[in-house]
Amino acid sequence: IPDSGHKYYLQFTTEDYKSGENAGSCLATVLYPKTKSPPVVTIKCMHTKDQKQIEEEDNRLYQKIRHQTKPIIGNNIPDSYGNIEPALEPVWALAVAGSSYIMWEKSAENLGYFMAQVKSVKQWIRKDDFTEFDYTVLLHEIPTQEIVSCHMRLTWLPGHPLKVKYFCASDNQGLEDGSGMESGSAAGVLNERGANF
Amino acid sequence: LQLDFWLAPRGLGHPVDIRVPFPSLQPLKAHLEANGISYSIMIEDVQTLVDDEQMEMLRSRRGLPVSTNTFDYATYHSLDEIYTFMDLLVSENPNLVSKLEIGRSTENRPLYVLKFSKGGTNRPAIWIDTGIHSREWVTQASGVWFAKKIVQDHENNEGVASILDKMDIFLEIVTNPDGFVFTQTQNRMWRKTRSRHSGSVCVGVDPNRNWDAGFGGPGASGNTCSETYHGPYANSEPEVKSIVDFVKSHGNIKAFISIHSYSQLLLYPYGYTTTPVPDQKELHEISKKAVAALSSLYGTNYKYGSIITTIYQASGGTIDWTYNQGIKYSFTFELRDTGRYGFLLPAKQIVPTAQETWLALKVIMQHTLDHPY
C-alpha cells in the first residue's frame, strides 16, 4: 500500500499441536507499516473444537502438573534424538504456548521463529492455585538461522490468560511482558499451516 | 609395588579398593597381615573380566555395526558408526560400492563419498549430499538409509537398478563431519564448519554460503559470529572446496542434490538473485512430480519453487554454483518437519522421511536419465 506499508491477506488452517488434528481455519490481515511500528492484525477463526472440550483438556493438563509431588525440573526437551519424556510433555506444551507469545512479539515482516528446544525448566511452587515455571527456551530464527536463547517466566491457571515475562539474549531491553489478552489454552495450541500470501 | 587404587584412601573407617599386579600380591598381603588390616578379594582376575568385555564389545549391537543388515536405520548414529557402516557396505558389495576420500575437513577428518557404479568409465552421474549443516540430523540418517536402499534395489533389480545401468551415483553422507561431531559432543544446534579465523573469537563458516555463486552478496553475513557467515572467500572451507574440485575434475555430473532440514521444501536455483534460471519451467515441472511422489507415501506436504521465492534470499549457495557449472538438474531438499520438532526430529521419523524422500529423488534421477544433455 503506497506510502503506508505492506498488507498481507492470509487464509490458513490450524492444527492441534499434540494430536495434529485439524483445529479450524482462520482469515487474517496483517499490515506492516512503513514506520516499523508493530504490525496491525485482524483475525477471525473458526474452531472445530468446542470450548467445553478445550476446558476439559486444560483441566487435565493442569491436574497432571498439580499432582506432581516434587517441583518439576527438566533439561533438553526434546533431547538430541527428538525424545520427550511423557512426564515432561505437559511442561513442553506450556513452553510452546508461552514461546508463541515471545515469537509473536519478536516476529517481523522478514523475521520469523520456531521453538527449537526447551533447554531447561524449573517449576516454582506457589501458595495459590497458579502454576509457575522458569524456562530457558531456544528459538530458531529465520532467515538468520540463529539460535536465540530466551529466559521465560510463565504463570498459568486454566481459564486465565497465560502470563509470560521474558528476556532473550539478543535483546537489549529489560524484562518483556508478553501477557495474553484472551484466555490462553495450552492443551490445544494453534500451529499455523499453509499461509497464502 | 605399582598399586592401582580404584577407591582411594579417604580417611579412617572408609574402605580402600586396590588393583594389585601379580608380582605385588604376596608383598602386599604380607604387609596388610603384619599390620592387622583385614582385606577381601573382590575380583580374582581383572584380566579375564577385561577380556570378556572386549569380546562382548566386538560382538555387541550397541558397539560398532557388524553388518548393514543388522544396522539400526531407525536411530541416530555417531560419526564412527556411520564411517563403519560405509566400510561394511563396501565390503559387502565390492562390485557396486566403493569409498572415495575427496579431501579432509578443517579438523583433518576424512571426507568420504560412496560411489555406486556398475562399471563404465566416468559415466554421467548423480550427486547427493546430506549433512552439510551438521544439526540437520535427519539428513545424515537418511543418507545412510539411501546408501542401503541403492544396494537393495541393485540386488533385487528394481528401483534405481535401471538408472545404475547407465549412470553412477555419488553419495556424501557426512558432508560436514567436524560440525557433526560437535553436535554430538558440545552443541546440538551447531550448523557451520569448525574453521577458525584470525582476529575472531567465533568459529565456523556456513558451508551453504561459501560457494562461488553471488558470493558475499545479500543473503549471507560477513560477521564471523553469524550462523550464515560466508567465510573469508569462496571455497575457503575444505568441505566445500573438495566437492568443487571433485565436481570439476569429474566433469560429467548431470544432477546434483543437496539435502537439508527442516521445512519440507523442494527447491531449485537461484537463491542469490531473483532472475529465474533459464531452465525454470522444466525444474518446476520436475519438482511438481517429485513432490507428488513424495506425498504419495505418507501424505507429507511439501512446497516447491526457486530458493529465493520459496524460502529467502541466500547467496553463495551450493546449487546456485552447481547450476552455473552447467549441472542443470540442481535441487535442494528441506526434509521434515515444519517446526514442531525442527532439528530434533524423533528417530522414529527417520525411516519414513528417508522412504518418502527417496521417491522424490527417484523422480529426479529418472528424469535425468531420460533427458541426457
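The set of residues in the range A:85-113 that are of a type in the set (Val, Ile, Thr) and either within 14 Å of A:His140 (Cα to Cα) or out of contact with any Gly (no Cβ under 7 Å at 6 or more places or on another chain) (or both) comprises A:Val96, A:Ile102. Answer yes if at least one residue in the range B:211-230 is away from chain A (no Cβ under 12 Å), of a type outside the set (D, E, K, R) and free of Cβ contacts under 8 Å to residues at least 40 places away in the same chain, and no otherwise. Taking every residue of the range B:211-230 in turn, at least one turns out to be away from chain A (no Cβ under 12 Å), of a type outside the set (D, E, K, R) and free of Cβ contacts under 8 Å to residues at least 40 places away in the same chain. Take the conditions (1) free of Cβ contacts under 8 Å to residues at least 12 places away in the same chain; (2) outside the structural domain of A:Pro161 (by the TED database); (3) acidic (Asp, Glu); A:Glu55 misses just one of them, which is (1). If the condition is being small (Gly, Ala, Ser), surrounded by fewer than 22 Cβ atoms within 10 Å (Cβ to Cβ) and on the phi > 0 side of the Ramachandran plot, then the range B:131-165 contributes only B:Gly159.
The values are calculated or read from the model by the stated rules, or taken from the named source; none is laboratory data. These numbers come from a predicted model, not from an experiment. Every residue, glycine among them, receives a Cβ derived from its backbone with ideal geometry; neighbour counts consider all protein chains shown.
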